[in-house]
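Working notes, beginning with the structure itself.
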Amino acid sequence: MLGKYERRSLEEIENRLSQEDPELARGLAQGKPKTIRRRFPPLLVLAAVVMTLSVTLLVLAEFGSAVLAAVLAVGVSAFWYWRSRS
């Protein structure tokens, strides 16, 4: 059993949490706090793949194709950035 002081401290923490982050407090009260999942946007994954292809082509001395792939990667990244800002 918790003592009077510990219960009061826990109630203060609960009240402060409810004021600062009500969504988290609700999740904790339900027993299922919302987890944070990071997900990479598909356009950025595509840009990374194309940039990797560009570097590979550069190593293989395919300069024209490497430049084209790099331009495509930059274009995809710029499009993703523009779309995410809108």
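The values are calculated or read from the model by the stated rules, or taken from the named source; none is laboratory data. It should be emphasised that the depicted structure is a prediction, and the values quoted were computed from it without experimental measurement. Here Cβ is always computed from backbone atoms with ideal geometry, including for glycine, and neighbour counts include all displayed protein chains. Note: accessible area is taken over every heavy atom of the protein model, side chains too, but ligands, DNA and RNA are not part of it. Shrake-Rupley method; radii C 1.70, N 1.55, O 1.52, S 1.80 Å.
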message: Can you tell me which residue is nearest to the chain's Cα centre (by Cα) among those in region 58-78 that are closer than 11 Å to Ala48 by Cα and open to solvent by 60 Å² or more (accessible area, probe 1.4 Å)?
response: Val74
query: Does Ser84 count as among the hydroxyl-bearing types (Ser, Thr, Tyr), touching a residue at least 24 places away in the same chain (Cβ under 8 Å) and either surrounded by 13 or more Cβ atoms within 10 Å (Cβ to Cβ) or in a helix (DSSP H, G or I) (or both)?
result: yes
message: For a quick check of your reading of the model, give me the residue pairs whose first member lies in region 66-79 and is under 9 Å from Ala47 (Cα atoms) and touching a residue at least 60 places away in the same chain (Cβ under 8 Å), whose second is part of a helix (DSSP H, G or I) and of a type outside the set (Ser, Thr, Tyr), with beta-carbon atoms closer than 9 Å and at least 6 apart or on different chains.
response: none
- request: Those residues that are assigned to a loop (DSSP other than H, G, I, E, B) and at pLDDT 80 or above, I need them from region 14-61; list them, please.
  value: Asp21, Leu60, Ala61
statement: All-but-one check, Tyr5 against (1) surrounded by 13 or more Cβ atoms within 10 Å (Cβ to Cβ); (2) farther than 25 Å from Ser84 by Cα; (3) among the hydroxyl-bearing types (Ser, Thr, Tyr), failing number (1)
